[in-house]
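For reference, the structure discussed in these notes is given below.
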Amino acid sequence: MANNSDGTMPCRWKAAGLLRQSLVFAVLATALISSHASLGGEIEEQGVLVLDRVPKPKFRLAGPVGERVKRNVDQWLIQAPKNNPGLLDMFARRDAGGKLDLVPWAGEFVGKYLISGVQAMRFSDDPKLRQTLQNVVDRLVELQAEDGYLGPWPKNERLRGHWDLWGHYHVMLGLMLWHEHTGDEQAIAVARRMADLVCDTCLDTGFRVVDAGSHEMNMSVIHGMARMYRKTGNPRHLRMTREILKDFEKAGDYYCTGLAGKEFFRTPRPRWESLHALEGMVELYRITGDETFRTSFLHHWASMRRFEYRNTGGFSSGERATGNPYKDDAIETCCVVAFEEVMIDALRLTGISTIADDLELTTLNAMLGAQHPSGTWCTYNTPMVGQRIPSHIHIRFQAREDTPHLNCCSVNGPRGYGSISRWGVMRNDNGLALNYFGPMTAEVSLGDGTPVTISQETDYPFDGAIKVKIDVSQPKRFTFGLRIPSWSTKTEVSVSGDAVDDVRPGCYLALARVWKAGDQITLKLDMSVRYESGDLNQFGKVSLYRGPILLARDDRFKTDAELEVDVSRLSEAKVVPLDDQIAEAAGPYKPWLLVDVPAVDGKTLRLIDFANAGATTVEGKPISSYVTWLPAVGIRPPVPVSWQPADRSKVAPGAIRFAWRRPAAEAADRKHTVVIADGPDFENVVLRCGEKTGGWMLVPQEEAKKLNLHTPYHWKVIARNQHGQSESIPPFKQFAVDPTAPALAGNWPCGQRESDQMVTEAPLRGDVKPVYGELLEAKGWKPAPGPDGTANGAIELDGEGSMIKYKLLTFPEEDYTVSIWVSVTKLPSTNYGQVFSAWAGGMDDPLRLVVQGGKLYARIEAGRGYGTEGYPLKTDTWHHVAGVKQGQKLTLYVDGKAHTTANAPETIVSSAADFAIGGNPNYSGPEFLPAKLTDLKFYARALSADEVKRLHRAMPGKR
Ligand SMILES: [Zn+2]
């Protein structure tokens with residue numbers, strides 16, 4: 001979690017030269033431009049990586065993390081192929097005929113398995129591991145079809161559907177990594193033929209990657225294709241990459257939305273698989289040097305960091321981004337792995353050390369928490385509060401007779417800690433950066449190939465004292481960057497006995513000197529227990545951390561669930577030794593860390609490390625639960641999340657609207673201040689405006705006048721209550737005042753009218769123009785008599801492509817109402833006829849009033865479908881209809897009376913940017929309704945039953 005920063009950018013590797021020690025000779029590290037010759041890259045890279053992974057590193061981890069990594073090798077990687085022969089047999093059976101009983105993503109299993117296997121080889125010399133993986137690779141080589149195909153689907157379907165391109169992406173990546181580690185030329189040749197087949201199928205053939213469907217999955221092959229291009233320099237591979245980039249516009253729109261500063265959870269495809277498609281933009285940046293790819297990718301990383309990052313370091317809410325990391329919905333293992341990949345890329349692009357803090361937090365909590373301590377299985381969901389269930393039970397539907405343990409998460413989970421080999425030690429042309437702390441030895445190399453061995457003696461992450469030894473065969477000058485975690489407020493560092501001063505948290509400490517064998521750095525990190533406040537669903541609660549370790553209450557230790565943490569006495573928290581009695585209570589799997597924390601009334605709360613919380617599952621059944629959000633008193637506000645103006649956007653002169661994530665309704669005492677500065681370090685604050693409760697404020701025109709036109713400004717939000725304050729986290733968003741930008745009207749977030757929360761009002765009296773709102777498009781309509789027969793009292797749609805479309809700033813998230821009069825002139829000949837629809841994409845329609853089979857329904861599509869029962873309609877009969885969404889209820893009113901009520905999600909995040917009456921605003925299929933319509937009212941609030949009744953009564957000539 002973020003600390004409450006002092007308002008400066010976390011200093012980067014490049015800028016980490018604030019040392020005054022005599023032992024420091026150089027202070028600046030330059031970025032590396034092209035260091036991949038050793039990886040066999042045949043193209044010269046144009047994009048700059050500030051830090052990169054070390055090729056072929058050899059890590060030996062000890063301590064508890066080392067133990068877990070070893071168990072993964074012994075209990076999973078070496079066992080899985082023999083216990084799950086279908087891993088490869090499913091490929092052999094693909095053309096045997098008959099219906100294939102496979103999940104659409106089955107082809108990914110072997111690829112994900114192989115990726116985690118190669119990562120494990122960087123930690124282990126076990127010949128059994130190597131042999132097991134070699135057998136898998138040999139079999140893959142045998143199973144490749146003549147045309148290069150290497151998946152489980154029959155010949156006539158190859159790469160054209162299912163999640164087949166996604167499966168190929170993972171297998172290609174696994175083979176590339178295997179080749180890199182072992183030099184196996186056969187493996188890379190197989191991967192190259194797979195890439196060629198992707199081109200043969202989807203390049204200049206009339207069939208595009210987007211046509212394969214399952215967009216966020218299949219378009220992720222862009223990452224594999226671009227990586228392959230860096231390796232092969234084959235222009236077809238690059239062209240394929242660029243064509244998939246064009247396909248983005250039809251589906252996820254990742255590139256454009258990133259440049260427009262749109263939050264990731266509001267993009268058209270916010271599912272987790274999209275994160276691998278985003279990685280394609282990093283590759284494109286490396287290939288071309290085009291800054292826009294870097295900008296777009298980093299925007300999405302920052303958006304997810306701000307809006308989605310969980311207290312466990314996890315990512316995803318029910319397999320997607322939602323903008324709310326406090327809701328206790330599923331945090332899928334695959335999603336966390338994908339976000340780690342995004343974080344690693346962001347770290348490589350920026351050198352911001354706090355990203356490595358996040359990687360550590362994610363690895364030690366979310367990822368090790370997803371793995372059972374036995375090493376035999378991992379979870380599908382590792383919640384903030386709840387239990388751990390093995391994925392082969394939780395998502396058993398993915399298992400088959402010959403693949404009883406295989407599912408998306410079981411094969412993917414080990415990458416979560418395997419990726420320590422990619423970020424634990426990194427390098428650039430100036431030297432090395434040490435990110436991973438814990439007992440270990442790492443054999444790595446400098447950019448010029450000089451071998452360096454780094455070893456650590458420590459009990460970290462349970463103790464803050466760390467001895468780092470550096471060994472080089474002969475004295476060598478380079479910069480050694482030491483990550484100083486942002487949470488370590490007081491850190492002591494000495495090098496070969498000399499104390500280093502000015503050690504700043506949230507930075508790399510750049511130690512530049514001639515290093516010689518046996519040089520030693522000692523480091524003492526501040527391990528005091530600290531808290532982060534919750535918001536929304538976790539309002540009034542805190543998460544506690546000791547160093548990078550999230551603490552959890554576990555049933556096994558019988559702590560009263562009602563106890564409230566006394567945050568004012570956190571300095572009295574004590575680590576408790578694991579005596580026999582505690583060990584017995586713990587059962588077969590002991591915690592690594594026990595901490596007694598002061599609660600109110602002088603009581604004590606016993607907490608353990610998150611990785612082992614709830615780790616008591618026996619034969620697949622959890623026997624204890626855990627909680628990471630703990631009730632507390634006297635807490636400062638949570639870190640606010642800046643939202644709009646969108647990053648790097650232009651705003652019109654005049655009053656400027658600033659918005660942040662809406663706080664919990666209970667947070668009435670929380671006041672917000674917007675601070676605007678002319679640089680990211682906030683040294684020169686230009687404007688400070690406050691203090692405002694709620695989720696947004698208007699900086700008045702007189703104040704906004706102090707800002708110069710066309711000048712980039714940074715802004716942040718400070719949230720304050722009587723117990724303290726918190727600030728939004730960097731990187732801070734930018735904006736510029738520009739007279740060409742459209743003026744902002746109305747209230748946040750829908751531009752709704754202040755007096756009645758109206759979003760769009762169109763009387764439709766012989767005309768389609770709204771009196772409030774914005775018309776986008778009107779087709780196939782004419783004036784018509786209204787319900788009382790007066791001329792021009794309504795409009796009529798012909799049902800043959802007719803539709804009236806209005807613009808939306810954003811669809812309301814919780815409560816809303818659409819009210820309209822309708823007289824259906826003919827029942828639609830197609831499946832659906834829409835009275836009202838805001839359909840924006842698959843399973844994203846926050847409200848539709850739809851005629852189907854002669855009945856009218858109110859429905860919501862939000863991840864899945866919700867809907868009322870139908871009301872039978874007669875043609876040429878006027879009805880007043882209203883759909884009211886309030887909290888978890890959706891009610892259909894007809895003629896002033898509630899017809900039926902259905903369940904609905906409490907909060908809906910839609911990417912709808914428009915809506916239509918008489919048709920579907922964005923779907924290409926015909927959903928037109930021949931009807932007369934009048935008096936459209938769309939509110940960003942739930943109308944009461946009485947208000948709906950009054951709207952019905954108000955119409956002259958009503959039935
Ligand atoms: Zn999964």
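The values are calculated or read from the model by the stated rules, or taken from the named source; none is laboratory data. These numbers were taken from a predicted model, which means no experiment stands behind them. Note that each Cβ is placed from the backbone with ideal geometry, even for glycine, and that neighbours are counted across all protein chains shown.
Among the residues of the range 417-433, write down those that are small (Gly, Ala, Ser) and either more than 16 Å from the ligand (Cβ to nearest atom) or assigned to a loop (DSSP other than H, G, I, E, B) (or both).
Just the residues of the range 417-433 that are small (Gly, Ala, Ser), to begin with: 418-419, 421, 424, 431, 433.
Selection gives Ser419, Ser421, Gly424, Gly431, Ala433.
Put simply, of Lys885, Lys826, Lys897 the only residue that is at pLDDT 95 or above, out of contact with any strand residue (DSSP E or B) (no Cβ under 8 Å at 6 or more places or on another chain) and of a type outside the set (A, V, I, L, M, F, W, C) is Lys897. When the test is whether a residue is in contact (Cβ under 8 Å) with a residue 60 or more places away in the chain and part of a helix (DSSP H, G or I), Leu406 does not pass it. Taking strands (runs of 3 or more DSSP E) that fall entirely within the range 535-639, which contain at least 1 residues that are farther than 18 Å from Thr382 by Cα? Here the list reads 541-546, 594-598, 604-609, 630-633.
For every residue, the table says whether it meets (1) more than 22 Å from Ala195 (Cα to Cα); (2) outside any helix (DSSP H, G or I).
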| position | (1), (2) |
| --- | --- |
| Lys112 | no, no |
| Ser124 | yes, yes |
| Leu129 | yes, no |
| Val136 | no, no |
| Leu150 | no, yes |
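Among the residues of the range 157-188, those that are under 17 Å from Met240 (Cα atoms) and of a type in the set (A, V, I, L, M) comprise Leu159, Leu165, Met172, Leu173.
Counting the residues of the range 860-912 that are under 30 Å from Gly323 (Cα atoms), part of a strand (DSSP E or B) and hydroxyl-bearing (Ser, Thr, Tyr) gives 3.
Among the residues of the range 887-914, the ones that are over 23 Å from Glu947 (Cα atoms) and touching a Leu at 6+ places or on another chain (Cβ under 7 Å) come to 3 in all. The test for being in contact with a strand residue (DSSP E or B) (Cβ under 6 Å, 6 or more places away or on another chain) and crowded, with 18+ Cβ neighbours inside 10 Å holds for Gly261.
If only residues of the range 346-362 that are among the β-branched types (Val, Ile, Thr) and closer than 17 Å to Glu308 by Cβ are counted, the one that is surrounded by the fewest Cβ atoms within 10 Å (Cβ to Cβ) is Ile355.
Quick check on the range 309-344: of everything there that is of a type in the set (D, E, K, R) and surrounded by fewer than 24 Cβ atoms within 10 Å (Cβ to Cβ), which residue is nearest to the ligand (Cβ to nearest atom)? Break it down stepwise before answering.
Start the filter on the range 309-344 by keeping residues that are of a type in the set (D, E, K, R), which leaves 310, 319-320, 327-329, 332, 340-341.
Checking which are surrounded by fewer than 24 Cβ atoms within 10 Å (Cβ to Cβ) leaves us with 319-320, 327-329, 341.
Values: Glu319: 8, Arg320: 13, Lys327: 19, Asp328: 19, Asp329: 15, Glu341: 14 Å.
Residue satisfying both the conditions and the ranking: Glu319.
Annotation note: of Val737, Val717, the sole residue that is among the β-branched types (Val, Ile, Thr), over 24 Å from the mean Cα position of the chain (by Cα) and surrounded by 14 or more Cβ atoms within 10 Å (Cβ to Cβ) is Val737. Sub-6 Å Cβ pairs linking a first residue in the range 97-122 that is farther than 23 Å from Phe397 by Cβ to a second residue that is hydroxyl-bearing (Ser, Thr, Tyr), at least 6 apart or interchain, are Gln119/Ser421; Arg122/Ser421, ordered by first then second residue.
Being out of contact with any helix residue (DSSP H, G or I) (no Cβ under 7 Å at 6 or more places or on another chain) and at positive phi: is that true of Asp204 here? Explain how you work it out, then say what you get.
Numbers: out of contact with any helix residue (DSSP H, G or I) (no Cβ under 7 Å at 6 or more places or on another chain): yes; at positive phi: yes.
Taking the combined requirement at face value, the residue satisfies it.
Residues that are crowded, with 21+ Cβ neighbours inside 10 Å and closer than 18 Å to Ser837 by Cβ within the range 936-947 comprise Leu936, Phe938, Tyr939, Ala940, listed in sequence order.
Checking each residue in the range 372-416 for being within 16 Å of the ligand (Cβ to nearest atom) and either over 22 Å from Trp105 (Cα atoms) or of a type in the set (Ser, Thr, Tyr) (or both) picks out His372, Thr379, Tyr380, Thr382, Pro383, Arg388, Ser391, Thr403, Ser410.
In a residue-by-residue description of the range 287-296, the property of being in contact with a strand residue (DSSP E or B) (Cβ under 7 Å, 6 or more places away or on another chain) and at negative phi applies to no position.
When the residues of the range 913-954 are narrowed to those that are under 35 Å from the mean Cα position of the chain (by Cα) and assigned to a strand (DSSP E or B), which ends up nearest to Lys782 (Cα to Cα)? Give the derivation first.
Going through the range 913-954, the residues under 35 Å from the mean Cα position of the chain (by Cα) turn out to be 913-917, 919-927, 938-943.
Those still in the list that are assigned to a strand (DSSP E or B) too: 914-917, 938-939.
On the way: Asp914: 22, Phe915: 19, Ala916: 16, Ile917: 14, Phe938: 22, Tyr939: 26 Å.
For the range 913-954, the residue satisfying everything is Ile917.
Taking first residues from the range 782-795 that are over 15 Å from Thr877 (Cβ atoms) and partners that are in a loop (DSSP other than H, G, I, E, B) and of a type in the set (Val, Ile, Thr), the Cβ contacts under 8 Å between residues at least 6 apart in sequence or on separate chains come to Ile795/Val768.
Here Val282 meets each of (1) in a loop (DSSP other than H, G, I, E, B); (2) at pLDDT 95 or above; (3) within 23 Å of Lys262 (Cβ to Cβ); (4) away from the ligand (no atom under 16 Å from the Cβ) with one exception, condition (1).
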